[in-house]
Structures are given as structure tokens and as C-alpha cells.
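Colleague: I have a structure here, written as C-alpha cells, and I will follow up with some questions on it.
What follows draws every value from the coordinates through simple rules; no lab data is involved. The shown structure was predicted, so the numbers you read here are calculated from the model rather than taken from an experiment. We place every Cβ from the backbone using ideal geometry, glycine too, and count neighbours over all the protein chains shown.
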Amino acid sequence: MNALFGSSRLSRNLIATAAWLCYVFLLLPSLIVIPISFGNPGQIEFPPRQFTLALYQQFFTDQAWWGSMVQSLLVATVTTMLTLVLAVPAAYALVRSQLPRRNLLRGLFMMPMLVPVIVLGLGLYLQFSNWGLLDTTTGLVLSHIMLTTPFIMVSVMSGLHHSDVSLETVASIMGASRPVIFFRVVLPQLKASIAVGALFAFLMSLDEVVVAYFLTGTKAMTLPVKMYSSIRWELTPVLAAVSTLLTLLSLLIALGIIALQRKTEANP
Amino acid sequence: MAQSGTASELSLPSALMLLAPLTLLMLAILVYPLALTVWTSVYPGQFSLQAYTELLSSTLFLKVLKNTFEISLSGTLVSLLVGYPVAMHLAAQPPSRRTAYLIMVMLPFWTSILVKSFALAAVFGNQGLVNQLLGFVSGGQINLPMMFNRVGVILGMINFLLPFMILSILGSLLAQDRTLILAAETMGAKPLRIFWKITLPLSLPGVVAGVLINITLSIGMYITPALLGGRQDMMVANLVDFYTRQTLDWTAASATAVVLLLISGLLVALLGKVRGASGLSGAVA
């Protein structure tokens with residue numbers, strides 16, 4: 001097992017030490033917010049000298065905080081559902097047809113992942129100020145559908161490549177119509193990859209800052225935008241409570257995705 | 001697999017019908033705003049390239065461009081130097097334990113960038129955990145400035161970049177033929193020599209891809225320099241925001257955004273050449 005870099009004990013220990021320092025550096029920021037969030041409500045303190053729920057109380061009694069969290073959950077939920085409705089049929093059509101130049105369309109659907117998000121933020125800002133969509137939930141959801149499309153595409157297209165085409169052929173030969181095949185044969189096989197894509201899209205939308213910062217003001221403000229301005233201007237300890245809630249949510253979603261991916265790998 | 005005419009294949013009209021809604025949305029919400037940005041940069045009333053000539057003679061823009069490359073390249077370099085030993089450590093683990101370590105590596109990838117920025121400010125700030133520890137060890141008051149300056153940006157950046165670098169290098173380490181190393185050992189080669197002559201050269205494709213992914217991801221960074229850097233650490237993305245919100249100069253903002261788009265387009269194309277078309281998507285998904 002150590003064949004990769006020889007058998008010297010010294011080099012192995014050096015590498016292990018360096019690696020563990022790095023693991024701590026990667027993990028620490030996500031975990032340290034948890035103890036801080038139960039500590040002193042007056043200032044950010046680690047290690048905390050008392051145990052209170054005061055910061056959570058502050059979060060849930062301040063409308064500006066929990067209101068933006070409700071808004072974020074709403075935007076992420078609507079975005080995920082609409083992206084699924086648009087992207088799953090499109091992925092199916094890309095994989096199961098001989099449409100000429102379909103690579104061009106695939107490139108278009110993947111593009112949001114490759115363009116710096118600040119450029120998209122500025123473009124949408126210019127566009128929505130003409131269209132009267134600035135600081136509206138509609139405008140924000142539209143741009144989040146665009147941003148999350150590549151992630152659902154990647155997941156569903158790989159699911160389609162792994163699914164059994166012959167089942168569709170058999171259904172078709174036995175006289176099933178195209179919609180029946182899609183809903184009764186294709187979709188059931190894609191359940192796990194659709195769920196992975198959906199969880200990913202939900203998390204992306206929930207955490208998205210830059211575009212939301214450009215497009216929203218006081219009315220449609222999401223939690224990340226509220227957090228961004230709070231870190232920038234006041235650095236209040238309430239942030240630790242918000243961060244803990246967000247980290248737990250991300251962790252749940254990540255575990256869900258890992259479990260689902262295991263399942264798809266186990267029975268392809 | 002699906003040859004033309006087989007029963008599982010979609011007819012062209014139904015394929016078009018399924019693709020039309022998403023295509024229209026992408027044209028309206030992705031292509032149109034990008035085109036509008038280019039248009040705004042060259043048409044402030046009439047056609048002119050003045051915004052670009054002004055950028056090139058603006059000391060602010062040139063300084064920010066220099067910052068951007070400096071920060072992006074040094075962040076990538078640190079990420080490579082830190083990430084390589086981690087990838088080696090992971091490659092040497094038995095598969096089950098490797099999965100557990102990989103989850104630790106991937107955790108930052110799942111955590112909101114705002115949570116990470118806030119936490120890094122708490123850990124590395126003036127009264128943060130690291131300064132407390134240093135003070136405790138040395139027995140005095142230590143206020144090493146590691147936040148709201150260049151060091152802060154780099155720390156925030158490598159926390160974000162490391163998972164991509166590690167996964168990329170790990171891929172090419174795991175793909176190596178280990179009998180080569182056994183053979184070299186049998187013939188009496190020392191570990192350091194084995195590393196320089198076998199492990200490192202064979203892992204270069206992963207290194208190159210990891211470096212390109214890191215530069216591409218860091219060149220357009222906005223949140224990290226804004227929250228963890230000082231006023232001297234503005235990057236191109238922050239300049240776009242500055243022109244848009246502070247000076248309300250949409251022409252300059254658009255021209256700056258177009259420059260950033262071109263730079264990152266070049267990088268993505270380069271990455272595509274190195275890794276095949278799925279370069280970035282493979283790293284992200």
C-alpha cells in the first residue's frame with residue numbers, strides 16, 4: 001500500500017503530518033461556527049465561556065434574518081422544481097435523439113458553469129433594470145434556473161447513459177406511446193439521478209450570493225445577501241447561529257447525495 | 001448504442017419540442033444578458049471602443065488586473081504545494097479509509113462560501129483562534145495580521161481551491177502502475193529518487209489540470225477578496241461591482257466584465273484541450 005512513494009518511514013510521516021494539517025484547515029471553518037453559535041451573544045468568542053441559545057433567539061426574533069431565510073428556502077424550492085421540469089425532458093431529448101448539432105445545445109446548457117458568475121450578475125442587472133425585474137422574486141428565480149441547469153443536466157444525462165435503453169425499445173415495440181414510455185419506463189429508472197441533481201440545485205440556489213446581491217434589494221433579499229452585508233459591515237455574532245443552521249442543512253444534503261450516488265452505483 | 005431508426009430513439013419533432021422551452025429560457029436569461037453586456041461596453045450612445053482604451057490607460061484597472069493575476073497564481077501555487085502531499089496521503093490509504101478522508105476534503109465544497117469566510121475571519125482574525133494559540137505558546141500577546149490583507153485572501157482562496165487540486169492530482173496518482181515503483185525499489189532506488197523520476201512525472205497531467213482548474217476558478221473570485229482582503233486586494237470581479245454600484249459607470253463595468261470573460265474563456269479553452277470537453281464539469285459534478 002505504500003508502494004506509491006517508497007517505504008521510507010520519514011517521508012511517510014512527513015506526508016501524513018502535512019496531510020492532517022490540511023484536513024484540519026479544510027474542516028475547521030465548517031465546524032468552528034457550531035460552538036461559537038452557542039456562546040456569548042455580545043461578541044464572537046472561541047472557545048465560548050458560556051452556553052446559551054441567545055443567538056438563535058436573536059435570529060428567530062429578527063424579521064430581517066428569518067424573513068430572508070424563508071425567502072431563500074422559497075427561491076431554492078421553486079427554482080429546483082422549475083429547473084427539473086425544464087431540464088429533465090431536455091436531457092432526455094439530447095441523449096435519445098439524433099438531432100443535428102445537439103452538442104451546441106449541450107454547450108449552451110452547460111455554459112452557466114463556465115462563465116464567471118460576476119459577469120452573469122452584471123448582465124442580468126443591466127437586463128432586469130430594463131425589464132423591471134430588479135428586486136423581484138421572479139427575476140431571481142429565473143436567473144437561478146439558468147445557474148442550476150448545468151448541475152441537473154450533468155446528473156440526469158449520466159443517469160440516462162447508465163439506464164437500460166432496451167427496456168424503452170421493448171416498450172415501444174409492444175405499442176407504448178412516447179409519453180407512456182417517458183413516464184412509466186424512463187423516469188422510474190432516473191429517480192436517483194434526478195434526486196441527486198435536485199438536491200445539488202437546491203443547495204446551489206440556497207447558497208448563491210453574487211447574482212442575488214446584484215439583483216435584489218430590500219424586498220427580495222435572500223439569506224446569503226443578508227449574510228454578505230452583515231459580514232462586511234457589522235460582523236455580528238448572530239452570523240454564527242445562521243452559519244450553523246446552514247452548515248447542518250448542507251451536511252444533510254451532502255449525505256443525501258452521497259447515499260443516493262452509492263445506490264445508483266450499486267444497481268446501475 | 002442508439003442507432004438511427006431504432007425504436008428507442010426520439011423523432012426530431014418531439015426532440016425539438018422537449019428542448020424548446022429550456023433553449024428559449026437560456027437564450028433569454030443567459031445569451032441575451034451576455035450580449036447586452038458586450039453591447040453596453042461598445043455602445044454608450046454611439047459605437048465606440050473608448051471604454052476599452054480608457055481601461056487600458058487607467059492605473060486602477062491595471063493595478064487590479066495585476067492583483068488578480070498575482071493573487072490567482074500565488075493561491076494556485078500554495079494550493080498545489082499543500083494539495084500534492086494530501087493527494088499522496090490519500091492515494092496510500094486503503095479504499096475504505098480513503099472514502100472517509102475524501103469526505104473531509106469535500107466538506108468545504110458543500111459549505112456556503114459565506115460560512116467559510118465568516119469562520120476564517122474568526123479563526124485567523126486578530127483575536128482569533130490562531131493568534132490565541134500563538135500567544136499561549138509564546139506567553140505574550142500576539143496579533144499577527146492574517147485577515148483583511150493579502151494573506152487573508154490567499155487563505156480563503158486555498159480553502160476553496162484545495163478540494164479541486166487534491167481530486168485532480170489523486171486521479172493521476174491512482175492511475176499509476178505501481179509495479180514500476182516496486183521494480184525501482186528492487187533495483188535499489190531511494191524514495192526521493194523514485195518520487196522525482198517516477199511518481200511526479202507520471203502525475204503531471206493531474207497537476208496541469210488541477211492548476212488550470214484552480215486558476216480558472218480563482219480568476220473571477222468576488223466574495224473572498226471582498227470579505228477577507230483589504231482595500232489593496234481588489235480583484236477584477238470587485239472592480240466590476242465598484243463601477244456598477246459606486247461610480248454607476250455601466251460602460252466601464254461592462255468593458256471590465258468583457259475582459260474577465262475573455263480571460264476565463266481562454267482558460268476554459270485551454271482546460272478543454274488538456275482534459276477533453278468535460279474538463280470543468282467533471283471537476284464540479
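Colleague: Could you pull out every whole DSSP H run in chain B that spans at least 24 Å of Cα extent along its own axis and averages -0.5 or higher on the Kyte-Doolittle scale?
Modeller: Helices meeting the span and hydropathy rule in chain B are B:59-91, B:150-174, B:200-219, B:250-275.
Colleague: Something else now. When Cβ neighbours within 10 Å are restricted to other protein chains, what is their mean count per residue of peptide A:83-96?
Modeller: Rounded to a whole number, the mean comes out at 5.
Colleague: Write down the Å³ per residue value for the convex hull defined by the alpha carbon atoms of the protein assembly as shown.
Modeller: Details: hull volume 97.4 nm³, N = 553.
Taking only Cα atoms, the protein assembly as shown has a hull volume of 176 Å³ per residue.
Colleague: I need to check one value: relative contact order of segment B:78-148, counting alpha carbon pairs closer than 8 Å and at least 6 residues apart, in percent.
Modeller: Working: 32 pairs, mean separation 12.8, N = 71.
Relative contact order here is 18 percent.
Colleague: Dipole size in debye (nearest 20) for the protein assembly as shown around its Cα centre, Lys and Arg Cβ +1, Asp and Glu Cβ -1?
Modeller: So the dipole magnitude of the protein assembly as shown works out to roughly 1060 debye.
Colleague: Treating the Cα atoms of chain B as identical point scatterers in vacuum, please give the log10 of the normalised Debye intensity I(q)/I(0) at q = 0.07, 0.11 Å⁻¹, two decimals.
Modeller: -0.39, -0.86
Colleague: Could you sort out which of A:191/B:273; B:66/B:273; A:263/B:116; B:66/B:116 sit more than 28 Å apart by Cα distance in this structure?
Modeller: A:191/B:273; A:263/B:116
Colleague: Using θ = phi - 60° and the Karplus form 6.51 cos²θ - 1.76 cosθ + 1.60, what ³J(HN,Hα) does each residue of segment A:118-127 get, whole Hz, x for Gly and Pro?
Modeller: Couplings: 5, 5, 5, x, 5, x, 5, 4, 4, 5 Hz.
Colleague: Another one. Using the charge dipole of segment A:6-142 (Lys, Arg: +1 at Cβ; Asp, Glu: -1 at Cβ; taken about the Cα centre), state which of A:93, A:122, A:109 has its Cα farthest towards the positive end.
Modeller: Sorting the options by dipole projection puts first A:93.
Colleague: For chain A, take the longest principal axis of its alpha carbons; what is the angle in degrees between that and the long axis of helix A:137-162, to the nearest 10 within 0 to 90?
Modeller: 60
Colleague: Taking a quarter of the surface of the convex hull around the Cα atoms of chain A, what do you get in nm²?
Modeller: 20.7
Colleague: Taking a quarter of the surface of the convex hull around the Cα atoms of segment B:73-233, what do you get in nm²?
Modeller: Working: hull surface 46.3 nm².
Average of the hull's projected areas for segment B:73-233 equals 11.6 nm².
Colleague: Among A:254, A:214, A:195, flag the residue with its Cα farthest along the positive direction of the charge dipole of segment A:187-268, charges on Cβ as +1 for Lys/Arg and -1 for Asp/Glu.
Modeller: A:195
Colleague: Quick one: compute the contact order of chain A, relative version, from alpha carbon pairs under 8 angstrom and 6+ residues apart, as a percent. Before the final figure, lay out the partial values.
Modeller: Values: 270 pairs, mean separation 77.8, N = 268.
Relative CO of chain A lands at 29 percent.
Colleague: If you place +1 on the Cβ of every Lys and Arg, -1 on the Cβ of every Asp and Glu, and leave all else neutral, what size is the dipole of chain B about its Cα centre, to the nearest 20 Debye?
Modeller: Dipole of chain B, to the nearest 20 debye: 680 debye.
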